[in-house]
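Written out below as structure tokens is the structure these notes cover.
What follows is calculated from the coordinates using simple rules that are stated; it is not laboratory data. Here the structure is a predicted model, which is why all the values come from computation and not from measurement. Heads up, the Cβs are rebuilt from the backbone with ideal geometry, glycines too, and the neighbour counts pull from every protein chain shown.
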Amino acid sequence: MILLSAAISHRVTGGRTQEGGRGNSPSLLSVISRRPALSFGFRNLLADLVWLEAVQVSGNRKMTPDDFDRLSDLLSTVVRFDPRFTVPYLLGGIVLGNSPDHAGAALDLLARGEKQFPSDWLLPFYTGYVQYFSLGNPEEGGMALLRAARIPGSPEYFPLLASRMLSEGHRSDTALAFLQKMMEWEEDPRRKAVLEERIRRVIVERDLQSMETAVAEYTSRFGAPPRRLADLVQSGMLARIPEEPYGGRYVLTPDRGGVRSDRAPQERLKVLRKR
């Protein structure tokens, strides 16, 4: 058994491929998980081995596409071995769900989790997160929150939050309300770190949209864009320049038609843009 465990562990930690993804073949344990009889009664042990690798992969500060592929395969393998292990469903929902290219895998894990744990409102709640923040579907996100609201013991504010998502759609204040409520209930440090980063990104997008609107109004009124952001405050079009959540500052773009952060990621959150 020791030799078998060593061989399996080597294959698990050495393989970096995802079935059907960028790699060439599924891992050994991924294959075994589809045929439980091959685990010879050690399903929980094998689930633990794969879970340890999944935790390592999800802890990467900058996840690459291959990391997301690998994590998707690992988490699917874990829950096939041990479908009553709750945490992999949630980890997959929030970490895989942070990648639009892997949102489908996140939703699949969460759906499987809902079948196993129909009384756990966190699973449809996380589904709402993926639909809203990764796929930009406020309607589907709101419906997921309504599903969570019907579960006894779910927070009483869920119906109100669901209605905001359904009616307001791609709005930063709705997004922030959703994320802040998630933070109140989240205990896992890995998932909290993802939420904290997402909150910063949403704040930046909110601020940029607000300042870009003010720049457009200033340009329309004075016939030329402002030379600096302070001009927007002096003209009364902004009450103040917002505090940049990454510790940097907001600056006008070279053409002075837009605004950017000098420290936050430059990729904008498209899911908060009106379509």
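At-a-glance table
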item: GluC sites (Glu not before Pro) restricted to the range 115-215 and DSSP loop, no more than 10 other C-beta within 10 Å; result: Glu156, Glu187
item: Overall dimensions of the range 213-272 by Cα: Rg and Dmax, Å; result: 12.0, 33
item: Restricting the range 186-238 to trypsin sites (Lys or Arg not before Pro) in coil, as DSSP defines it, with at most 12 other Cβ within 10 Å; result: Arg227, Arg228
item: Cα-based equivalent ellipsoid of the chain: semi-axis lengths in Å, sorted from largest, via gyration tensor; result: 43, 22, 14
item: Cα-based Rg of the range 107-207 normalised by 2.2 N^0.38 Å, two decimals; result: 1.01
item: Longest to shortest principal axis, alpha-carbon extents of the range 149-220, angstrom; result: 53, 29, 12
item: DSSP-assigned coil residues among trypsin sites (Lys or Arg not before Pro) in the range 74-112, each with at most 12 further Cβ atoms within 10 Å; result: Arg84
item: Most mobile listed residue (Ala149, Ala177, Ala162) in the chain, GNM with C-alpha springs under 10 Å; result: Ala177
item: Between 0 and 90°, nearest 10: helix 2-14 axis offset from the chain longest Cα axis; result: 30
item: Mean ellipticity per residue at 222 nm, deg cm²/dmol - from DSSP H runs of n ≥ 4 across the chain, formula -39500 (n - 2.57); result: -18500 deg cm²/dmol
